[in-house]
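Accompanying notes for the structure given below.
Readers should treat all values here as calculations from the given coordinates under stated rules, not as data from a laboratory. If you're wondering where the values come from, they're calculated on a predicted model, not measured in any experiment. All Cβ positions, even for glycine, are placed from backbone atoms using ideal geometry, and neighbour counts span all protein chains on display.
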Amino acid sequence: MMKPVESAAGPGKNGGTISIETVADILDRELKHVIAEWLMRVEKESDLMHIPLNHDERTGHLPHLIHDVINRLRLDAGSKAPISKAAAEHGDLRRKQGYTVAMMVEESRLLQVSIFTTLHQNVKQLEFSALLPNIVTIADEVDAQLKEQMLRFMAADKAEKTKSK
């Protein structure tokens, strides 16, 4: 929800006002940019790139995970966050694609970096009073998603080992 305000330095360019947005609104608006930022970072990681995947196979999970982050940011304070179904499905998928636990941790880390970089690029529109609590919420949600991914990844791994005995 954007609120037009004048910045402390005065009005925005051309005498207009600067629109202030919540972190959730910025991430929603910049979803494609966050994904592009993430992919650019992933493509620089040779250990991630040695698994050949097309664009959809590599990034198809991200809109769902980022929307889970956005939804978490929009929850009322004190509300219990739902477990990310998308994260669990992603854990299964990455295991089938041949990822290791370390590779999934790296992808998750790069997601946080990409989200925070996008917020930094939109710093003039940020609602500062909620920024630090939102950063904590983002980190907590991405880490909770990683935990869910790992639980599903390890369960599938255990099931396969049991089946092959």
Projected label distance in nm at A139 and I83, using a 7 Å step from Cα toward the beta-carbon: 2.5
Dipole of the chain [Lys/Arg +1, Asp/Glu -1 at C-beta], most positive-end residue of A156, M40, L27: A156
HN-Hα J in Hz across region 43-49 - Karplus 6.51, -1.76, 1.60, θ = phi - 60°, x for Gly and Pro: 5, 8, 9, 4, 5, 7, 7
Cα convex hull of the chain - mean projected area over all directions, nm²: 11.3
Footprinting exposure proxy for V142, V105, V69 (fewest neighbouring C-beta atoms within 10 Å first): V105, V142, V69
Nonlocal amide H pairs with L126, under 5 Å, H built at 1.01 Å: E21
